[in-house]
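Following: one structure in structure tokens, then a few remarks.
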Amino acid sequence: MPVPVRRGSALSPYHDAIRIAGAFELPARDERVPERRIRRLVDQVHPYLAGWAPDTNVDIRSGRAGLRPATPDSLPFIGPVPGHRGLYIAAGHGMLGVTVAPATAEGIADIVTSRHIPESMLPFQLAGRI
């Protein structure tokens, strides 16, 4: 289980290492992480490792970005897919997927069963946003 150490980072044990999780960054286009970003994360969490890490030389084995399902305007896509009758989408929640899953499920269920888009769901429609 990850342990939050400061805003934007967390530590979790991972096999024979420690995983350092960083912040949500929108400009990522692939899984590569710049060396300077990795070094900054290590520097941020280093005080929390005092007394545990035997030396200050940290062996950085790899850095990898997990791409988030975010949309250009940060609003998720929820509702029918234009031009594809009976196909609906509920995606693009970024880091809030688990948090807003119940509301998304309720909204999508209403749309699918009633074939009507409630006014509260209009900002999340795919039509006109891509």
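Computed quantities for the displayed model
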quantity: Label zone at Ile130, where the point sits 7 Å out along the Cα-to-Cβ direction: the stretch 82-101 residues whose backbone N lies under 16 Å; calculated: 82-94
quantity: Gain on full stretching of the segment that runs from Met95 to Thr71 - 0.36 nm per residue minus C-alpha separation; calculated: 7.5 nm
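Any read-out appearing in this document is the output of simple, stated calculations on the displayed coordinates, not a laboratory observation. Keep in mind that this is a model prediction, so the values were computed, not measured. As a convention, Cβ positions derive from the backbone with ideal geometry for all residues, glycine included, and neighbour counts pool all protein chains shown.
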